[in-house]
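The structure appears below as structure tokens.
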Amino acid sequence: MKKVLYILMLLLLFNCRNNEMRSNSPKMSTEDLEIVDDAYDYAGKPMKLDIFELTTDKLVEFHELIQLKAEYPNFENEVAKNLKAFTTNDSLIKRLENATQIMDIKQIGHSITVSDSVQNIKIHFKTLRNDEEKTDSILAIIKSKPIFIDGTELLSRKVSFSDLKSP
């Protein structure tokens with residue numbers, strides 16, 4: 001009986017240790033990585049990360065975080081930290097709070113290269129609120145920087161959002 005008890009305690013300790021190791025693992029942020037060297041998919045075709053596709057994904061993720069904050073006030077502090085990675089503009093968050101869906105996301109014009117590491121893209125989209133469709137536009141700011149992991153150069157891209165400036 002004691003042997004069984006010792007075995008159960010040993011399994012419990014190893015299980016707790018594995019959970020601790022998982023909780024210390026690095027978490028993904030709003031940054032995406034792209035291999036600078038030629039990357040290939042499973043069929044052997046070259047892959048390129050489309051900046052507009054990345055921006056669209058991040059806009060949807062941003063909207064989902066805003067909805068999560070509104071639906072679950074218990075997690076407001078955690079979600080607020082994640083939202084700050086996307087924008088520091090509270091008016092932008094308030095504009096998207098009541099939107100139940102974002103659709104028809106389109107790029108306005110070409111991307112504007114601000115510097116070697118910063119690109120701006122004007123995004124136009126429609127929001128659905130209480131069966132009412134509204135249009136909105138924002139500025140997506142893509143910051144890129146090279147990083148090295150295990151001797152391989154990767155390109156880290158972070159997307160944030162801002163209001164469009166009036167000319």
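No value in this document is a laboratory result; all are computed from the given coordinates. Just so it is clear, the model here is predicted, and its values are computed rather than measured. Note that each Cβ is placed from the backbone with ideal geometry, even for glycine, and that neighbours are counted across all protein chains shown.
Given a Förster distance of 30 Å, report the FRET efficiency between Asn77 and Lys3 from their Cβ-Cβ distance, rounded to the nearest 0.05.
Numbers: r = 47 Å, r/R0 = 1.56.
Here the calculated transfer efficiency is 0.05.
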- Interchain or long-range residues, amide H under 5 Å from Asn89's placed H: none
- Once amide H atoms are built 1.01 Å from N in the peptide plane, which residues 5 or more positions from Leu164, or in another chain, come under 5 Å H to H? Leu139
- Item | Whole-Hz ³J(HN,Hα) from phi, Karplus 6.51 cos²θ - 1.76 cosθ + 1.60, for the range 150-162, glycine and proline x | 6, x, 9, 7, 10, 10, 8, 10, 10, 10, 10, 10, 8
- Note, ³J(HN,Hα) from phi for the range 71-76, Karplus 6.51, -1.76, 1.60, rounded to Hz, x at Gly and Pro: 7, 10, x, 4, 9, 4
